Each structure stands twice: as structure tokens, then as C-alpha cells.
Amino acid sequence: MTACHSWSCVSGCGACCRLDPARRPEALEALDAQERTTYLAMVGPDGWCRHYDTGSRRCRIYDERPAFCRVEGLAERFGIPTEDRDAFAIACCHQQIRVEYGGRSVERRRFDRSLRRS
């Protein structure tokens, strides 16, 4: 898994803010007990994070969000070697965007365009 692009978050996407545990069991498995408790407390009735504003598609606590909400730290949690971390983050975003919005969605096209610029 070698990255040919650098990963970066695309504002206005929010696919990773869908925390529904039934849809994200691998996320819960990667967390310790305290983080799991925090994660589950953040899940709103609709499965989206309580801190995610679905209207503006922005996180209301972005600068103070928990470590597990930071995509750039996911690779380390899963034991991915440093040289493969961009590719891992990109694959995670592709998967989450496909699940939430579809593989041909505007969000997916915007994310792919951002990769071409990196």
C-alpha cells in the first residue's frame, strides 16, 4: 500500500461523522474502554455525531474533537506503517464516502479532485 497522493480532509463532507455503531464496528474495536464510552455518547439518534451540524456540514467541536475523530491518527491505531498512512487514510475516506453518499457522489468527486491536487 504505497501512497501516491497526500491525504487531506475535504470540508463539507462529514462522511466520517456518521458514528452509527452498527455501521462502524471496526471503529469501536479500535478504541479503548474510555474512548468507546465517549464515542457512544457522541452518537445522536440518527446515527450522526451530536457535534456534527448536518445543515452546514461542519463539526461544532472540530478544534477540540477527540483523537479518534482525527483521520490522520487512524493509521497508527491500526498499526499501519508510516509510509502507508496516506494510502490508508485515502482508502478509509473512499469507503466511508461511498457508504454515506455513494461512489459517484459529489463528495467523492470533490475528495478525488483534492487528491489530484496533492
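Where a number appears in this text, it was derived from the coordinates with a stated rule and is not lab data. All values derive from a computational prediction rather than experimental measurement. Note: ideal-geometry Cβ built from the backbone for every residue, glycine included; neighbour counts use all protein chains shown.
Please go through segment 1-19 and give me each residue that is under 14 Å from the mean Cα position of the chain (by Cα) and surrounded by 14 or more Cβ atoms within 10 Å (Cβ to Cβ), ordered by number. Before the answer, list the steps.
Within segment 1-19, the subset under 14 Å from the mean Cα position of the chain (by Cα) is 7-19.
Selection gives W7, S8, C9, V10, C13, G14, A15, C16, C17, R18, L19.
How many of the residues making up segment 93-118 are in contact (Cβ under 8 Å) with a residue 24 or more places away in the chain and either buried (at least 19 other Cβ atoms within 10 Å of the Cβ) or under 16 Å from the mean Cα position of the chain (by Cα) (or both)? Talk me through it step by step, then tell me what you get.
Start the filter on segment 93-118 by keeping residues that are in contact (Cβ under 8 Å) with a residue 24 or more places away in the chain, which leaves 93, 96-97, 99-101, 107, 110-111, 114-116, 118.
Applying the additional criterion that residues be either buried (at least 19 other Cβ atoms within 10 Å of the Cβ) or under 16 Å from the mean Cα position of the chain (by Cα) (or both) yields 93, 96-97, 99-101, 107, 110-111, 114-115.
Count: 11.
Among the residues that make up segment 51-59, is at least one of them closer than 20 Å to W7 by Cα, surrounded by 13 or more Cβ atoms within 10 Å (Cβ to Cβ), of a type outside the set (K, R) and touching a Lys or Arg at 6+ places or on another chain (Cβ under 9 Å)?
The first filter runs over segment 51-59 and keeps only residues closer than 20 Å to W7 by Cα, leaving 57-59.
Among the residues that remain, those that are also surrounded by 13 or more Cβ atoms within 10 Å (Cβ to Cβ) are: 57-59.
Okay, now just the ones that are also of a type outside the set (K, R), so 59.
Imposing the further condition that a residue be touching a Lys or Arg at 6+ places or on another chain (Cβ under 9 Å) reduces the set to 59.
Taking every residue of segment 51-59 in turn, at least one turns out to be closer than 20 Å to W7 by Cα, surrounded by 13 or more Cβ atoms within 10 Å (Cβ to Cβ), of a type outside the set (K, R) and touching a Lys or Arg at 6+ places or on another chain (Cβ under 9 Å).
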Out of the residues in segment 73-118 that are among the aromatic types (F, W, Y) and in a helix (DSSP H, G or I), state the one that is farthest from G47 (Cα to Cα). F88
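Every residue, every condition in (1) of a type in the set (G, A, S); (2) under 24 Å from D32 (Cα atoms), yes or no:
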{"site": "I80", "(1), (2)": "no, yes"}
{"site": "E83", "(1), (2)": "no, no"}
{"site": "D86", "(1), (2)": "no, yes"}
{"site": "H94", "(1), (2)": "no, no"}
{"site": "E100", "(1), (2)": "no, no"}
{"site": "S105", "(1), (2)": "yes, no"}
Candidates C16, C9, filtered to the one that is assigned to a loop (DSSP other than H, G, I, E, B), under 20 Å from I80 (Cβ atoms) and touching a residue at least 24 places away in the same chain (Cβ under 8 Å): C9
